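Comments concern the structure below.
The values are calculated or read from the model by the stated rules, or taken from the named source; none is laboratory data. Since the structure is predicted, the reported quantities are computational estimates derived from the model, not experimental observations. Glycine gets a Cβ as well: all are built from the backbone with ideal geometry, and neighbour counts include every protein chain shown.
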Amino acid sequence: MNGSLGAGLEVVTVAAPAEHPAARAWRLPRNRSVWIGAAVLLVIVAIAVLAPALGTSNPAEIEPTARNRRPGAQRVIRHDDGSKTVTTYRMGTDSLGRDVYSRVIYGSRVSLVVGVSVALVSVVIGLVIGLVSGYIRWLDAIVMRVMDGLMSIPAILLAIALVSLSRGAGLRTVIFAILIPEVPRVVRLVRSVVLSVREEPYVEAARALGAPTAAVLTRHVLPNTIAPLVVQGTFVCASAILLEAILSFLGVGIPPETPTWGNIMAEGRALFRIFPHNILFPSIFLAATVLAVNMLGDGLRDLLDPRVRKQI
Amino acid sequence: MLPYIGRRLLATVPVMAVVAVFVFLLLRLTAGDPAAIIAGDNATARDVAEIREKLGLNQPVVTQFVIWIGRILRGDFGESFFFKKTVAELIVSRLEPTLALSVCTMILAVLMAVPLGVVAAWKRGSWIDRSVMGLSVLGFSLPAFVIGYALMYLFAIELGWLPVQGYQRLADGFGGFIQRLILPSFTLAIIYVALIARITRAGVLEVLGADHVRTARAKGLGELPVLRRHVLRNAAVPIVTVIGFGVALLIGGVVVTESVFSIPGLGRLTVDAVLARDYPTVQAVVLLFSVVYVLINLIVDLTYTFLDPRIRY
């Protein structure tokens with residue numbers, strides 16, 4: 001309320017009208033961050049899907065006669081009839097003679113699967129817990145203490161500790177281990193949205209009209225969480241890809257024969273001084289992917305949250 | 001003030017309780033019988049039964065938890081399966097490198113990030129601003145081991161300016177100690193710089209638009225005193241907050257950085273313990289790091305009252 005104009009007449013400040021969707025769509029082409037991020041990501045996805053068609057060989061195949069080759073090295077096999085087969089190791093080989101190029105290309109699959117599944121599952125779980133705990137007061141105190149507790153264990157440590165629970169971690173264990181530290185962050189976000197929305201007049205009106213809690217939550221509260229969740233989901237995806245690489249690199253993640261960027265780097269550690277390519281190539285792919293996802297997230301946040309855009 | 005400190009201390013109790021329950025369950029949820037793991041492959045059924053008795057694994061879970069918590073509070077973290085030492089001894093022997101690395105990183109990060117953030121906000125929209133923001137996104141996207149190997153390759157292997165790996169105790173000479181800390185601290189500082197610079201920039205931007213800054217400029221105060229006295233002081237609360245929250249990143253980074261640079265600290269210990277399935281050590285280290293994180297954020301909360309006299313509890 002802004003003041004009164006005479007008896008009983010009050011001027012109410014109205015919030016600036018929400019931006020028209022068309023205006024938002026018009027701004028999209030100008031947001032370079034989103035475009036660059038999406039383009040790089042698209043390339044990585046294409047690489048992951050088309051891996052067998054990109055001149056790769058079996059990424060797990062060990063070739064004892066071609067160990068520790070430098071990038072571009074060739075292996076020539078002469079057959080009895082005089083013909084030759086030439087294999088080119090575009091990114092060299094590792095200390096077991098595996099083709100680093102094939103491993104790096106196939107490694108993108110694991111990273112993307114982990115990133116996307118952790119993002120999706122953590123958003124769904126976080127959404128449910130956040131909605132319920134933000135709306136039901138007595139549950140809130142308990143849930144938030146548990147979340148606070150989980151959040152006070154540093155994410156990498158929590159993931160490492162969770163992986164150690166099962167013998168021989170597989171993809172599913174690693175996804176689970178990364179998921180647990182990410183969920184509380186989503187819960188907090190959803191809950192903060194719910195807490196601010198539940199005091200809005202339209203939610204109050206819906207409640208006053210006798211709408212059941214479930215209906216209020218899905219019809220009035222849920223839509224408000226979508227934009228921040230899309231942004232948060234992108235950041236969770238980036239952080240999950242990084243965490244998976246870190247777990248593999250430390251040797252506690254997905255088994256070493258599976259090609260993942262972290263595993264290739266872990267393998268290359270011992271001979272890093274002489275053959276840096278084992279670390280270099282997966283690093284480039286990892287950094288490019290995470291950077292692309294983060295840029296996409298940054299751009300989306302600027303697009304979807306006008307308040308932040310004004311500040312930054 | 002005192003009642004506030006008391007209340008704030010009380011608020012950490014439930015958080016620490018959740019952490020303790022979780023860390024305790026970590027050992028209980030393991031695949032397989034902990035007693036059988038400790039006893040090893042050549043143990044007889046009687047050995048296993050004896051160990052189970054000794055560890056109190058026959059008692060109900062709640063009793064076990066109470067016994068365990070009681071021991072932890074007395075500083076008894078049990079015995080490491082793998083290193084054949086008490087976990088407390090193990091932790092003390094690995095404390096120095098981790099502490100040195102963390103402190104060094106923190107100082108380096110704050111010294112780099114705060115000026116970067118202030119300049120970015122001050123020259124908002126300029127190329128300086130855009131490159132600081134770009135670098136901060138990059139800093140979030142590069143894992144510590146990628147940065148670590150890149151720096152190691154450049155400065156230690158190609159240029160030969162610094163030692164490649166390893167750690168030297170402070171007692172064995174300051175020169176070698178600091179030389180071996182430069183690369184790891186720098187590696188670890190980058191992600192922290194990204195975080196702090198971003199928040200500093202946002203905080204300073206907000207204050208720059210405030211009335212009192214316009215007044216200070218209007219009365220003819222130079223830009224530098226304005227930034228220092230009127231802007232930075234008011235932007236201090238979010239900056240200090242993020243330094244506190246960033247400790248979680250720092251701890252995670254310590255684990256990775258110590259592995260890259262072969263530093264025998266707590267981070268390396270954690271990884272070794274997990275690989276050896278040495279659960280008492282894993283439990284103790286996770287618990288310790290979490291306590292440190294909670295305590296640092298407690299201290300951060302308490303400094304608010306000094307940084308901003310308006311905050312009264």
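Here A:GLY134 meets each of (1) closer than 27 Å to A:VAL114 by Cβ; (2) in contact (Cβ under 8 Å) with a residue 24 or more places away in the chain with one exception, condition (1).
Within segment B:142-168, which residues are part of a helix (DSSP H, G or I), closer than 13 Å to B:VAL256 by Cβ and not aliphatic (A, V, I, L, M)? Once the filter is applied, which keeps residues that are part of a helix (DSSP H, G or I), closer than 13 Å to B:VAL256 by Cβ and not aliphatic (A, V, I, L, M), segment B:142-168 yields B:PHE145, B:GLY148, B:TYR149. Within the span defined as segment B:227-244, every residue fails to be modelled with pLDDT of 85 or more and under 25 Å from B:LEU108 (Cα atoms).
Answer yes or no as to whether A:PHE235 is more than 30 Å from A:PRO71 (Cα to Cα), under 23 Å from the mean Cα position of the chain (by Cα) and not small (Gly, Ala, Ser). The answer is yes for A:PHE235. Being β-branched (Val, Ile, Thr) and free of Cβ contacts under 8 Å to residues at least 40 places away in the same chain: is that true of A:ILE160 here? Against the criterion (β-branched (Val, Ile, Thr) and free of Cβ contacts under 8 Å to residues at least 40 places away in the same chain), A:ILE160 does not qualify.
Take segment B:72-84 and flag every residue that is modelled with pLDDT of 80 or more and not hydrophobic (A, V, I, L, M, F, W, C). The one that is modelled with pLDDT of 80 or more and not hydrophobic (A, V, I, L, M, F, W, C): B:ARG74. Screening A:ARG207 against (1) assigned to a helix (DSSP H, G or I); (2) within 14 Å of chain B (Cβ to nearest Cβ); (3) modelled with pLDDT under 85 leaves a single unmet condition, (2). Taken over segment A:244-265, the criterion of being more than 9 Å from every other protein chain (Cβ to nearest Cβ) and under 20 Å from B:SER141 (Cβ atoms) is satisfied by A:GLU244, A:LEU247, A:SER248, A:GLY253, A:THR260, A:TRP261, A:ASN263, A:ILE264. Residues in segment B:256-265: is at least one more than 21 Å from B:LEU205 (Cα to Cα), at pLDDT below 80, more than 13 Å from the chain's Cα centre (by Cα) and assigned to a helix (DSSP H, G or I)? No - not one qualifying residue is present in segment B:256-265. Does B:ALA121 meet the test of being within 12 Å of another protein chain (Cβ to nearest Cβ) and closer than 23 Å to B:ARG233 by Cα? Judged against the criteria, B:ALA121 is a match. With the requirement that a residue be more than 10 Å from chain B (Cβ to nearest Cβ) and under 24 Å from B:PRO14 (Cβ atoms), what does segment A:141-183 give you? Across segment A:141-183, the qualifying residues are A:VAL143, A:LEU179, A:GLU182, A:VAL183.
Yes or no, residue by residue, for (1) more than 10 Å from every other protein chain (Cβ to nearest Cβ); (2) in contact (Cβ under 8 Å) with a residue 24 or more places away in the chain:
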residue	(1), (2)
B:LEU95	yes, yes
B:TRP127	yes, no
B:PHE140	no, yes
B:TRP161	yes, no
B:ARG169	yes, yes
B:ASP172	yes, no
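Going by the conditions given, is A:VAL290 in a helix (DSSP H, G or I) and more than 11 Å from chain B (Cβ to nearest Cβ)? For A:VAL290, the condition - in a helix (DSSP H, G or I) and more than 11 Å from chain B (Cβ to nearest Cβ) - is not met. The set of residues from segment B:174-188 being closer than 21 Å to B:LEU95 by Cβ, touching a helix residue (DSSP H, G or I) at 6+ places or on another chain (Cβ under 7 Å) and more than 14 Å from chain A (Cβ to nearest Cβ) comprises B:PHE177, B:LEU181, B:PRO184, B:SER185. Scan segment B:191-198 and tell me whether some residue there is basic (Lys, Arg), surrounded by 21 or more Cβ atoms within 10 Å (Cβ to Cβ) and within 13 Å of another protein chain (Cβ to nearest Cβ). The answer is yes; a qualifying residue exists. Here A:LEU150, A:LEU195, A:LEU189 are screened, and the one residue that is over 19 Å from the mean Cα position of the chain (by Cα), of a type outside the set (Lys, Arg), closer than 20 Å to A:LEU131 by Cβ and surrounded by 19 or more Cβ atoms within 10 Å (Cβ to Cβ) is A:LEU150.
Taken over segment A:243-274, the criterion of being in contact with a Leu (Cβ under 8 Å, 6 or more places away or on another chain) and either among the acidic types (Asp, Glu) or under 30 Å from A:LEU303 (Cβ atoms) (or both) is satisfied by A:ALA245, A:TRP261, A:GLU267. Give the residue that is farthest from A:GLU244 (Cα to Cα), with candidates limited to residues of segment B:142-157 that are within 10 Å of chain A (Cβ to nearest Cβ) and free of Cβ contacts under 8 Å to residues at least 12 places away in the same chain. Applying the filter and picking the extreme gives B:ILE157. Within segment B:1-26, being among the aromatic types (Phe, Trp, Tyr) and at the interface with chain A (Cβ under 10 Å from one of its Cβ atoms) holds for one residue alone: B:PHE22. Counting the residues of segment B:258-313 that are under 30 Å from B:ALA236 (Cβ atoms), within 9 Å of chain A (Cβ to nearest Cβ) and without any contact (Cβ under 8 Å) to a residue 60 or more places away in the chain gives 3. From the list A:ILE175, A:ILE142, the one residue that fits, being of a type outside the set (D, E, K, R) and in contact (Cβ under 8 Å) with a residue 12 or more places away in the chain, is A:ILE175.
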